[in-house]
Amino acid sequence: MSPREPMTVAGAQAPLAMRWRGGAAVVGAVLLMQTLFGKYGGQTERAWSWFAPTVFPTLTIIVTAWFGTTGAARDQPVEAGHYQMAFGLSLVYLAIVAGTLLMQPFSAWTPMELLTMSHAWLGPTQGLAGIGIGRFFASKGER
């Protein structure tokens, strides 16, 4: 795509969906490894209950929109700024989610205390990412 060609719905949804699928897979893999090495002891189910609402609501919206966009709608232009905002906020959010799991050895909290406390920073950040993604998907066809 040349710099003068507008970004299309299909061209924007694919990398956004890939970022979320990849980010969720990395976080899930880290959580799986931690689980297999006994990091959560008898609270493994609680750790996985933290993971699901952390990534699946937004991932579900993105993948549903990605697969639900067909025909001429895929070629509609999208506002590049809305896409960039959604992409950037997604990157920040997914990095914070991964960081939450990876920083536990450096924390004074137990693994489950950290996951419980993480809602204090993940909730607002997920909200911002959701706004960015929602605005991006609402911008289809706008120029």
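The values are calculated or read from the model by the stated rules, or taken from the named source; none is laboratory data. The shown structure was predicted, so the numbers you read here are calculated from the model rather than taken from an experiment. Note: ideal-geometry Cβ built from the backbone for every residue, glycine included; neighbour counts use all protein chains shown. Only protein heavy atoms, including side chains, enter the accessible area calculation; ligands, DNA and RNA are left aside. Shrake-Rupley method; radii C 1.70, N 1.55, O 1.52, S 1.80 Å.
Tabulated data
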| item | result |
| --- | --- |
| Selection within segment 77-98 - out of contact with any Leu (no Cβ under 9 Å at 6 or more places or on another chain), open to solvent by less than 40 Å² (accessible area, probe 1.4 Å) and within 21 Å of residue 33 (Cβ to Cβ) | 94, 98 |
| Long-range neighbours under 7 Å by Cβ, at least six apart or interchain, first residue under 20 Å from residue 121 (Cβ atoms) within segment 35-50, second part of a loop (DSSP other than H, G, I, E, B) | 47/40 |
| Segment 23-39, residues that are open to solvent by 30 Å² or more (accessible area, probe 1.4 Å) and within 16 Å of the chain's Cα centre (by Cα) | 25, 26, 29, 30 |
| Output for segment 69-98, where each listed residue is part of a helix (DSSP H, G or I) and among the β-branched types (Val, Ile, Thr) | 92, 96, 97 |
| From 16, 59, 114, 101, residue being touching a Ser or Thr at 6+ places or on another chain (Cβ under 6 Å), open to solvent by less than 30 Å² (accessible area, probe 1.4 Å), of a type outside the set (Gly, Ala, Ser) and part of a helix (DSSP H, G or I) | 114 |
| Hits in segment 62-76 - residues which are of a type in the set (Ser, Thr, Tyr) and open to solvent by 50 Å² or more (accessible area, probe 1.4 Å) | 64, 70 |
| Qualifying position, being within 19 Å of residue 16 (Cα to Cα) and not charged (D, E, K, R), among 94, 102 | 94 |
| Residue within segment 55-70 that is within 25 Å of residue 128 (Cβ to Cβ) and among the small types (Gly, Ala, Ser) present | yes |
| Residue check, residue 3 outside any helix (DSSP H, G or I) and either of a type in the set (Asp, Glu) or modelled with pLDDT under 95 (or both) | yes |
| Any chance residue 42 is part of a helix (DSSP H, G or I), closer than 26 Å to residue 110 by Cα, open to solvent by less than 60 Å² (accessible area, probe 1.4 Å) and of a type outside the set (A, V, I, L, M) | no |
| Segment 106-121 residues that are closer than 16 Å to residue 30 by Cα, paired with ones that are assigned to a loop (DSSP other than H, G, I, E, B) and not aromatic (Phe, Trp, Tyr) (beta carbon under 8 Å, 6 or more apart) | 111/39; 114/103; 114/107 |
